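First up is the structure itself, then whatever we jot down about it.
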Amino acid sequence: MEYDVIVIGSGPAGAHAALPLIEAGKSVLMIDGGKVGPQILRELPPLRYDEIRRTREDQWKWFLGEDLSSIPLGGLEGGLGGGMTSGNRKYVLEDADQLLPIERHNAQVIQSLALGGLGAAWGAASAFFSRAQLDFLGLSEIDLEPWYSRISESIGISGPSDRPAVQPPLPADHHVRAMQKRYNTDRAWFQEQNLKMVLPHSAVLTTDKGERKKNPLRDMDYFSDPEQSVYRPAMTVEHLLQRPNFQFHAAVVRRFEERAGLVKIESETMGTGETVTHTAKHLILAAGAVNTARILLQSKGIDTPVSFVGKPHVFTAVLHPALLGKKGDDDRFSLCQALLIDEQGEEGIEAGSAQLYSYRSMGLFRIVRSIPLPMPLALRTAALLSPALMVADIRFSALPGKNSLRMHEGTVSISMSVSDEEKKQRQKTLRRIHQGLRKLGAFPARTLTLPEGSSSHYAGTVPIEDVPKLPLSCDKNGQVHGSERIFVADASMFVKLPSLPHTLTIMANARRVASGLI
């Protein structure tokens with residue numbers, strides 16, 4: 001069968017590139033790994049998080065995973081457990097390194113073969129970018145406003161009412177309410193320092209939307225979501241599977257070939273390894289910056305390095321003394337509670353931003369090793385401190401720098417390095433954000449610097465160029481230079497990355513690119 005369009009990737013970009021094509025009546029084949037999570041992720045939890053912790057002997061099924069893979073055997077710094085891609089969500093990374101070989105040099109880059117891609121473990125933090133931020137990405141003179149509105153209507157975005165088609169915000173927890181009082185009292189100081197605290201926009205329902213229900217405030221967002229209140233790209237793919245003009249093939253794409261006005265795509269079927277060829281009039285690559293580059297380099301026989309952007313970040317443990325001994329709200333959610341933004345950056349964008357999370361549902365095992373006491377006493381101390389603990393995920397803007405990605409004998413090789421000047425700038429931004437936290441009454445305790453690439457936000461492998469100079473690049477409409485029928489619709493086309501969450505912009509831009517083909 002010959003399709004109008006083949007879309008590679010089922011993540012945020014792939015799902016929202018396919019959607020307008022299907023709505024326009026085009027025949028679309030999506031090719032991706034298609035791995036799905038265990039049933040427990042969609043089962044109704046018996047109680048709220050705190051109630052399960054107190055009363056259920058089988059609580060390990062939710063918090064450590066049915067196979068206990070959330071236990072960090074290699075330590076938290078080793079990335080082998082305790083995160084969003086372990087436990088019941090380990091399927092997100094399962095088999096990826098075996099089927100998509102990768103060599104890492106000073107980098108912790110991850111890949112996914114899950115239905116929905118890395119979006120299956122997305123924290124749902126969203127941001128509507130300003131004109132300056134879009135210019136920073138490389139989307140100069142492109143109006144994303146109508147596409148932001150369509151995505152908001154499609155997936156459900158909650159948050160401040162300064163945007164159209166946005167649902168009411170999730171309720172601020174006791175940490176944020178206390179910090180907002182300090183912020184309002186000292187607003188003049190924050191303005192003088194170019195620091196800003198805001199409630200986030202989140203891809204989480206606060207009002208029912210079709211079969212999806214509003215967030216139940218069980219504080220179980222990391223462990224189950226039977227209401228499907230937190231948006232995942234797999235939801236869009238599952239919706240498309242009900243349409244007669246949409247097909248899905250679970251496979252790993254190896255290469256493509258343009259010939260005689262068509263594109264032929266060769267892939268290996270998941271499970272069997274059988275080689276299958278499909279044909280289409282156009283190909284949209286939306287497999288993520290790493291895999292989109294891999295497919296292009298392999299298909300075009302390019303062995304020279306291409307650019308690579310990975311957003312850097314650190315975790316800071318924060319103690320909020322005013323809340324010591326205070327239990328906090330019973331009804332709450334686990335995701336990003338607020339943003340503290342350092343607006344003292346260059347090119348009209350922020351220098352860094354901290355996503356603030358309450359600590360309660362993250363598990364005491366993450367901090368007991370850092371408490372210099374015998375284990376029983378350390379556990380007791382952690383339990384006493386946990387109501388007053390927060391985590392700040394502090395992210396910095398990302399530039400290509402000396403990072404590179406290349407294909408060598410079927411394996412992707414990624415090298416990342418940080419200049420002394422970049423390190424100084426990050427430290428300066430980190431100090432300013434820590435200063436802002438202290439002014440809010442929350443005191444930074446310990447900062448863990450994560451390896452380059454560990455944020456799982458990548459870009460820049462097929463950047464937008466008006467005049468092509470790099471081995472891989474595209475125009476503003478996503479068309480790959482030197483190709484008639486090949487388009488990219490994911491973050492690979494972004495030249496740089498701001499520190500604020502950019503997944504919403506990936507989806508809006510993917511819809512724009514795909515709509516251009518209609």
(message) From the phi angles alone, apply the Karplus equation (6.51, -1.76, 1.60; θ = phi - 60°) to region 209-218 and give each ³J(HN,Hα) in whole Hz, x where the residue is Gly or Pro.
(response) 9, x, 7, 7, 10, 5, 4, x, 6, 8
(request) Can you give me the P(r) profile for region 237-393? Cα pairs, bins 5 angstrom wide beginning at 0, each as a whole percent. (result) 2, 6, 10, 11, 10, 8, 8, 10, 12, 10, 7, 4, 2, 0, 0
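Counting alpha carbon pairs within less than 8 Å and at least 6 residues apart, what relative contact order, in whole percent, applies to the chain? Don't skip to the end; give the middle numbers.
Details: 1167 pairs, mean separation 121.5, N = 518.
Relative contact order comes out at 23 percent.
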(request) Beta carbons within 10 angstrom, averaged per residue: use that to sort the peptides 168-174, 294-300, highest first. (result) 294-300, 168-174
(request) Could you tell me which of rounded, prolate or oblate describes region 185-317, using a ≥ b ≥ c as the square roots of the eigenvalues of the alpha-carbon gyration tensor, with rounded for a/c under 1.5 and, failing that, prolate when a/b is larger than b/c and oblate otherwise? (result) oblate
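Which of the peptides 332-342, 280-290 is most tightly packed, and how do the rest follow, going by the mean number of other Cβ atoms within 10 Å of each residue? Walk me through the numbers on the way to the answer.
Numbers: 332-342: 23.3, 280-290: 26.5.
By packing density, highest mean first, the sequence is 280-290, 332-342.
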(request) DSSP loop (so not H, G, I, E, B), at most 14 other Cβ within 10 Å: list which GluC sites (Glu not before Pro) in region 382-435 pass both filters. (result) GLU409
(message) On a straight-distance basis, which aspartates and glutamates could pair with LYS26 in a cross-link, Cα separation under 16 angstrom, same-chain partners fewer than 8 positions away excluded?
(response) GLU2, ASP4
(request) Keeping the other protein chains in place, figure out the carbon and sulfur percent of the accessible area of the chain, with a 1.4 Å probe. (result) 51 percent
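According to the Cα gyration tensor, what semi-axes, each the square root of 5 times an eigenvalue, does the equivalent ellipsoid of the chain have, listed from largest to smallest in whole Å?
Values: eigenvalues 269, 129, 103 Å².
Result for the chain: semi-axes of 37, 25, 23 Å.
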(request) Counting other Cβ atoms within 10 Å, keep those with at most 16, restrict to DSSP loop, and tell me which trypsin sites (Lys or Arg not before Pro) in region 414-518 are left. (result) LYS469
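What does the accessible area per residue of the chain come to in Å², with a 1.4 Å probe and no ligands, DNA or RNA counted?
So the chain comes to 41 Å² accessible per residue, rounded to a whole number.
As a quick test, which of the pairs LYS61/LYS423; LYS196/LYS327; LYS300/LYS402; LYS213/LYS327; LYS181/LYS327 have an alpha carbon distance above 29 angstrom in this structure? The partial results should precede the final answer.
Values: LYS61/LYS423 41 Å; LYS196/LYS327 27 Å; LYS300/LYS402 23 Å; LYS213/LYS327 27 Å; LYS181/LYS327 19 Å.
Table pairs above 29 Å Cα-Cα are LYS61/LYS423.
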(request) Using only the Cα atoms, work out Rg/Rh for region 350-422, with Rh taken as the Kirkwood radius, to two decimals. (result) 1.20
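Output the DSSP H helices from the chain with an along-axis C-alpha extent of no less than 18 Å and a mean Kyte-Doolittle hydropathy no less than -0.5. Intermediate values should be presented prior to the final figure.
Details: long enough: 420-439 (29 Å, -2.34); 503-517 (22 Å, 0.57).
Result, helices passing both filters: 503-517.
What 222 nm value per residue comes from the helices of the chain, counting each DSSP H run with n ≥ 4 as -39,500 (n - 2.57) and dividing by all residues, nearest 500 deg cm²/dmol? Write down the numbers at each step before the final one.
On the way: 13 runs with 129 residues, N = 518.
Computed mean residue ellipticity for the chain: -7500 deg cm²/dmol.
Between the DSSP loop rule and a limit of at most 13 other Cβ atoms within 10 Å, which GluC sites (Glu not before Pro) in region 230-311 are left? Could the numbers behind the result be given before it?
On the way: sites: GLU238, GLU257, GLU258, GLU266, GLU268, GLU274; in loops: GLU274.
Taking region 230-311 and a limit of 13 other Cβ atoms within 10 Å, the loop GluC sites (Glu not before Pro) found are GLU274.
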(request) Sequence neighbours fewer than 8 away in the same chain don't count; with that in mind, list the aspartates and glutamates whose C-alpha is under 19 Å from LYS214. (result) GLU43, GLU153, ASP173, ASP225, GLU227, ASP329, ASP330, ASP331
(message) Show log10 I(q)/I(0) for region 178-252 at q = 0.11 Å⁻¹, two decimals, from a solvent-free Debye sum over equal Cα scatterers.
(response) -0.54
(message) No solvent, one uniform scatterer per C-alpha: report log10 I(q)/I(0) for region 47-177 via the Debye equation at q = 0.11, 0.20 1/Å, two decimals.
(response) -0.67, -1.19
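The values are calculated or read from the model by the stated rules, or taken from the named source; none is laboratory data. Values in this document were obtained by computation on a predicted structure and should not be read as measured data. Positions of Cβ are generated from backbone atoms using ideal geometry, with glycine treated the same way; all protein chains shown enter the neighbour counts. Calculation scope for accessible area: heavy atoms of the full protein, side chains included, ligands and nucleic acids excluded. Shrake-Rupley method; radii C 1.70, N 1.55, O 1.52, S 1.80 Å.
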